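Enquirer: Dropping the structure in here first, questions after.
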Amino acid sequence: MFISFYVARKYLKSKKDSRFISTISLITISGIAIGVCVVIIALTILDGFQKVVSEKIINLNYHIKVSSFGKRNLPDLIDVERYILRDFPQIKIIHPFISKLAIIKSKKFTDGITINGLKRESLDITLKKYIIDGDINLSNNEIILGKKLAEKLFVKPGDRVTIFSLKHDQIPTQDNPPSIMQFTVKGIYESGMAEYDDMNAYVDFSTAQELFGMKNEISGYNIKLNDISKINMISDKLQDYLGYPYYVQTVFNIHQNIFTWLELQKEPIPIILGLIIFVAVFNIVGTLLMIILERTNVIGILRSLGANRKLILKIFLIHGAYLTISGLLLGNLLAYILTIIQEKFNVISLPEKIYFVTKVPLYISIDNYLLVSTITILISFIASLLPAYIATKVQPISAIRFD
């Protein structure tokens, strides 16, 4: 093994009459590095999308939502909350909420939004970490807006907006006029999901009841679990427990389109990984074959001096390993550097209406680096066997006379 390493090292260091081969080796190493870098970054971005988007959706929406079939109002019964907490120890928190469509108007703009009425403890859980301006402590006739919505309305904390909505969920009549209330902007939040920030505003729970004429009524309950991995089992049991007219949905059901989109993003990765490895294999095979052609007379001399086929095989396998490991190290380093640059300086921005977030989410996982590196090493080793085996078949006399 020592002789194999010694001869392989001499091959690698020798520059005499080998400039062409050195260039090809450099191209091979660069090809492997770029391929590895691309796959690692792709996996890092996909993991980032799944982690960031999933966390934000869950944080803003709780794990389970209990509403009513047909989106009708439910009675605000304290007993329901108490019984659910008693009979379902897996449930950590249950809070009532109100959610209705409305129209918001400022001096310069009018838009349709969803008004969410939450109690103080619910606001702390969902919005507190996303407040970028103003305050989360709501009192009567105060409202919290998303950053994108506030920009469209040209408002900031302290400004006033007007909300128009239906009362009692009925078409306005002379006896049942629409509800019109003025609100002071208390705070601005930014979740990083532009579509969500554009559509949702938050008010105090009792204010929402007054706005929509929902005396002693609610839209449903938000539920947070101790362990989200059991969400499907608990939601099924809760549906059977509550029965009609309660309608139990998980956050994954409510936002199924987003989670399906996240899963679809991972589908092309095996194909991309396969194509990149395929290119790397051809690079390694081609480079080693060129080296064999150039070093045929050297192989013949080694054979005539007593080197067996096993030694020749080891020499070229070591050369293939050198190309692979060099490309891997360079590719891993390049992927990490580019990821850090994107994370720090946000070089690449995203169209918010398509990707739900305003910047590329990244999640650096050592597993992705190890997975890509391991697969590349295994495939490259197999690819190196063919040219190395061809080198062992070279006849000493023919090789020495080869020109």
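Enquirer: Kindly sort MET181, MET214, MET199 by accessible area of their heavy atoms, largest first, with the probe set to 1.4 Å.
Expert: Of MET181, MET214, MET199, the descending order of accessible area is MET199, MET181, MET214.
Enquirer: Something else: Using 0.36 nm per residue, how much length does the chain from ILE254 to LYS344 gain when fully extended, once their Cα-Cα distance is taken away?
Expert: Gain on extension, ILE254 to LYS344, equals 29.1 nm.
Enquirer: Which FRET efficiency, nearest 0.05, do THR162 and LEU329 yield, Cβ-Cβ r, R0 51 Å?
Expert: 0.25
Enquirer: Please tell me the relative contact order of the chain in percent, rounded to the nearest whole number, where contacts are Cα pairs under 8 Å and at least six residues apart.
Expert: 27 percent
Enquirer: How many Å² of accessible area per residue for the chain, probe 1.4 Å?
Expert: 53 Å²
Enquirer: Then there is this: So what are the ³J(HN,Hα) numbers for region 159-173, from phi and the Karplus equation (6.51, -1.76, 1.60; θ = phi - 60°), rounded to whole Hz, Gly and Pro as x?
Expert: 7, 10, 10, 10, 10, 10, 8, 6, 10, 6, 6, 10, 4, x, 9
Enquirer: Kindly provide the chymotrypsin sites (Phe, Trp or Tyr not before Pro) of region 97-145 that DSSP labels as loop, not H, G, I, E or B, and whose Cβ sees at most 16 other Cβ atoms within 10 Å.
Expert: Values: sites: PHE97, PHE109, TYR130; in loops: PHE109.
Those satisfying the criteria are PHE109.
Enquirer: What are the DSSP H helices in the chain that stretch 30 Å or more along their long axis, judged by alpha-carbon atoms, and whose average Kyte-Doolittle hydropathy comes to at least 0.0?
Expert: Answer set is 19-61, 269-294, 309-345, 366-392.
Enquirer: Continuing with this model, one more query. Roughly speaking, what is the stretch gain from GLN239 to SER139, that is 0.36 nm per residue apart minus the C-alpha to C-alpha distance, in nm to one decimal?
Expert: Extending this stretch completely gives an extra 32.6 nm.
Enquirer: Which order do the peptides 73-79, 335-341, 383-389 come out in when sorted by mean C-beta neighbours inside 10 angstrom, highest first?
Expert: Order by mean packing, descending: 383-389, 335-341, 73-79.
Enquirer: Can you list the residues, at least 5 places off or on another chain, whose amide H is less than 5 Å from the amide H of GLY146, using H built in the peptide plane?
Expert: Answer set, sorted by chain and number: TYR189, ASN200.
Enquirer: Can you list the equivalent-ellipsoid semi-axes of region 75-214, largest first and in whole Å, using the square root of 5 times each Cα gyration tensor eigenvalue?
Expert: Taking √(5λ) for each eigenvalue gives 26, 21, 12 Å, largest first.
Enquirer: Whole-Hz Karplus ³J(HN,Hα) for region 143-153, in order, using 6.51 cos²θ - 1.76 cosθ + 1.60 and θ = phi - 60°, x for Gly and Pro?
Expert: 9, 10, 10, x, 4, 5, 5, 4, 5, 5, 7
Enquirer: What is the magnitude of the charge dipole of the chain about its Cα centre, with +1 placed on the Cβ of each Lys and Arg, -1 on the Cβ of each Asp and Glu, and no other charges, expressed in debye to the nearest 20? Present the calculation step by step, with values, prior to reporting the outcome.
Expert: Working: 44 positive and 34 negative charges, 430 e Å.
With only Lys, Arg, Asp and Glu charged at Cβ, the dipole is about 2060 debye.
Enquirer: Roughly how much of ASP133 is accessible, in Å² to the nearest 10, using a 1.4 Å probe?
Expert: Surface accessible to solvent at ASP133 totals approximately 80 Å².
Enquirer: Using Stokes-Einstein with the Kirkwood hydrodynamic radius over Cα pairs, what translational diffusion coefficient do you get for the chain at 10 °C and a viscosity of 1.306 mPa s, in µm²/s rounded to a whole number? Can you show the working numbers first?
Expert: On the way: Rh = 26.1 Å.
The estimated diffusion coefficient comes to 61 µm²/s.
Enquirer: Okay, next question. In nm, to one decimal, how far is the LEU378 label point from the LEU85 one, both placed 7 Å along Cα→Cβ?
Expert: Modelled inter-label distance: 5.1 nm.
Enquirer: Which whole-Hz ³J(HN,Hα) couplings does region 92-109 yield from phi under the Karplus relation 6.51 cos²θ - 1.76 cosθ + 1.60, θ = phi - 60°, glycine and proline marked x?
Expert: Along region 92-109, the couplings run 8, 9, 9, 10, x, 9, 10, 9, 9, 7, 7, 10, 10, 9, 10, 5, 10, 7 Hz.
Enquirer: Something else now. Among residues other than ILE40 whose Cβ falls under 12 Å from its Cβ, what is the net charge (Lys/Arg +1, Asp/Glu -1)?
Expert: On the way: positive: none; negative: ASP47, ASP367.
Local charge sum for ILE40: -2.
Enquirer: For region 168-302, what is the relative contact order in percent, using Cα pairs closer than 8 Å and at least 6 residues apart in sequence?
Expert: Here the relative contact order equals 13 percent.
The values are calculated or read from the model by the stated rules, or taken from the named source; none is laboratory data. Note that this is a predicted model, so its numbers are computed, not measured. Note: ideal-geometry Cβ built from the backbone for every residue, glycine included; neighbour counts use all protein chains shown. Accessible surface is based on the protein model in full, side chains and every heavy atom, while ligands, DNA and RNA are left aside. Shrake-Rupley method; radii C 1.70, N 1.55, O 1.52, S 1.80 Å.
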